[in-house]
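The values are calculated or read from the model by the stated rules, or taken from the named source; none is laboratory data. Since we're looking at a predicted model, the values are computed, not measured. When we count neighbours, we look across all protein chains shown, and the Cβ atoms used for this are built from the backbone with ideal geometry, even at glycine. Remember, those area values only see protein heavy atoms, side chains included, never the ligands or the DNA or RNA. Shrake-Rupley method; radii C 1.70, N 1.55, O 1.52, S 1.80 Å.
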Amino acid sequence: MTRSLVIKATAGDDAPERCNQAFTVAAAAVAGGADVSLWLTGEASWFAVPGRAEQFTLPHAVPMRELLDAVLAAGRVTVCSQCAARRELTEADLIAGARIAGAPTFVEEITGEGVQALVY
């Protein structure tokens, strides 16, 4: 049975280390064979917009775009619907592979059997 992991990133440029931890763990979990769903909320929502991940820098960290690409290659990336609305983002504004969904979808994912949820 594949292990499922749902990771919620709640920070962006406002808390770069916490943000990077979420993306790093998500990419590492994908590399380890886990079924990964990365949720972008708050300021992390911006990383689903083309070009934004490339602007993020943190010393001694893997570039954000590489981490995001790793998750997109084998996992799911979702932007919180309320967070998207507050930033006037639609699915047309997002990178390929990202989607917008709300709390009911998040709850469905985290309450599945054998799912581990992490919030950063």
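The stretch between Gln82 and Leu58 holds 5.9 nm of extra length on full extension. This uses 0.36 nm per residue minus the Cα-Cα distance. Under a model in which nothing but the beta-carbon of Lys, Arg (+1) and Asp, Glu (-1) is charged, the chain shows a dipole of about 80 debye around its Cα centre. Distant-in-sequence amide contacts of Asp35, defined by a placed amide H-H separation under 5 Å and a gap of 5 or more residues or a different chain, comprise Arg3, Ser4, Leu5.
Neighbours of Val119 by Cβ distance under 11 Å: Lys/Arg scored +1, Asp/Glu scored -1, total +2.
Taking the 1.4 Å solvent-accessible surface of the stretch 59-106 as the whole, the part contributed by carbon and sulfur is 55%. Reducing the stretch 20-77 and the stretch 89-114 to their Cα centroids gives an inter-centroid distance of 14 Å. Shape of the stretch 1-79 from its Cα gyration tensor (a ≥ b ≥ c, root eigenvalues): rounded if a/c is under 1.5, otherwise prolate when a/b > b/c, or oblate? It comes out prolate by the Cα gyration axes.
Summing charges over neighbours of Thr105, with a neighbour being any other residue whose Cβ is under 11 Å away from its Cβ, gives 0 when K and R count +1 and D and E count -1. Report the local net charge at Arg18: Lys and Arg +1, Asp and Glu -1, summed over other residues whose C-beta lies under 14 Å from its C-beta. Residues close to Arg18 contribute a combined charge of -3.
Helical content alone sets the calculated 222 nm signal of the chain at -10500 deg cm²/dmol, taking -39,500 (n - 2.57) per DSSP H segment of four or more residues and averaging over every residue.
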